[in-house]
């Protein structure tokens, strides 16, 4: 039986690996660049990218300053995520109080948003009374962005946000920070510079992507000191892995032939002028700051009157619209599609099927009749996301167990509530 295991970010967050999630990246990278290892990296990049105006400190300060306005539009998502986390038995009483406080405050904003919305019945009455003379072009009867919060609310939420920076992995606060300090948005806003030939945006993207690369490379090296790597070492030898992560763990376990990096990895870079993809020499033993200074610096030029010449890590940025950095990715995507098509069983671990990854979700959708096992500690949320693929409602699933863990079953689909390291992979 051919089995393909699909790995999302949650896998590299497993016990014993503990790589950061996307929502944790900004504060983690900022702190890393202030360490003795990170400072030379920051300095090297700023020497390579003259007149670079971006800094993580300034971005965080601006995010805090925009706190009130941002909360108006993101409260529903934050409340939903925190409520789900509050159901977990792993949350202590202190964290639960923090969560309930945030939900209580944001629920009041949520009710305000609902109360000022112009409903269909009122819109119909306006059209009838004025016989269509007044066009109804607004969704609300109050312009929410022009409202201001009181000092109490602003102070409480500012303190909560600032604390979330000091505790990037906090089980409650991570959802506040993750919505207001979006690394995806940072990358998206700057990557477009390669299409518009805007030098400032190109420099920002180079700085963001190489600091991301440097931080992940640093974290990966720390994890590899304690071999064998949890989860990866437990998988059967004859499986094929498709990973949406950038770390080298999959390659070290399965080799180049059976480790397919759907979004690229940390071991190569791309020259954007002609999309050449080149491997990083001595990747495992590399000194990060020296590589930035010698290789990235040597291939980066911003000369007046000429198009910029620059290199970026060969990682597809976590954007909703996925750019093709190199033709090599087309081959990887085809091989991934072929592996899924030929598989008898799909095992999905740490991947939540978010709508932003619809390009990958569609590969699953085309083969949704296969035997599919999903492992995720937030199984209820994943079950909701899977509705885009399977059209199953919550009542369609049978509640049962898989290896002693809660499991939702429907036909060939099993969604098991567990961490990757809690499963006996030899019995799949």
Every residue in region 334-353 that is under 20 Å from the mean Cα position of the chain (by Cα) and surrounded by fewer than 21 Cβ atoms within 10 Å (Cβ to Cβ), please.
352
If the requirement is being surrounded by fewer than 18 Cβ atoms within 10 Å (Cβ to Cβ), in contact with a helix residue (DSSP H, G or I) (Cβ under 7 Å, 6 or more places away or on another chain) and at pLDDT 90 or above, which of these qualifies: 238, 234?
234
When you look at residue 397, is it farther than 27 Å from residue 333 by Cα, modelled with pLDDT under 90 and in contact with a helix residue (DSSP H, G or I) (Cβ under 8 Å, 6 or more places away or on another chain), yes or no?
no
Taking residue 82 as the residue in question, decide whether it is under 23 Å from residue 379 (Cβ atoms), modelled with pLDDT of 80 or more and not in a helix (DSSP H, G or I).
no
Would you mind stating whether residue 331 is surrounded by fewer than 21 Cβ atoms within 10 Å (Cβ to Cβ) and free of Cβ contacts under 8 Å to residues at least 24 places away in the same chain?
yes
Quick check on region 256-282: of everything there that is under 25 Å from residue 35 (Cβ atoms) and surrounded by 15 or more Cβ atoms within 10 Å (Cβ to Cβ), which residue is farthest from the chain's Cα centre (by Cα)?
280
Six or more apart or on different chains, Cβ atoms under 6 Å: show the pairs whose first residue is in region 99-128 and touching a residue at least 60 places away in the same chain (Cβ under 8 Å) and whose second is in a loop (DSSP other than H, G, I, E, B).
99/172
Please verify whether region 246-256 includes one or more residues that are under 19 Å from residue 330 (Cα atoms), touching a helix residue (DSSP H, G or I) at 6+ places or on another chain (Cβ under 7 Å) and in contact (Cβ under 8 Å) with a residue 12 or more places away in the chain.
yes
Look at residue 328 and say whether it is under 19 Å from residue 42 (Cβ atoms), modelled with pLDDT of 85 or more and assigned to a helix (DSSP H, G or I).
no
Boolean, residue 163 is under 25 Å from residue 92 (Cβ atoms) and modelled with pLDDT of 75 or more:
yes
Do you know which residues across region 367-391 are touching a residue at least 12 places away in the same chain (Cβ under 8 Å) and over 22 Å from residue 81 (Cβ atoms)?
367, 368, 369, 370, 371, 372, 373, 390
Selected residue [outside any loop (DSSP other than H, G, I, E, B), touching a residue at least 40 places away in the same chain (Cβ under 8 Å) and more than 26 Å from the chain's Cα centre (by Cα)] from 421, 426:
426
Of (1) closer than 18 Å to residue 7 by Cβ; (2) not in a helix (DSSP H, G or I), residue 363 satisfies every one except (2)
If I filter region 199-217 for residues that are within 28 Å of residue 361 (Cα to Cα), assigned to a helix (DSSP H, G or I) and modelled with pLDDT under 90, do I get at least one hit?
no
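The values are calculated or read from the model by the stated rules, or taken from the named source; none is laboratory data. Only a predicted model underlies this, so the values are computations on that prediction, with no experimental measurement involved. Methodologically, a virtual Cβ is constructed for each residue, glycine included, from the backbone with ideal geometry; neighbour enumeration extends over all protein chains shown.
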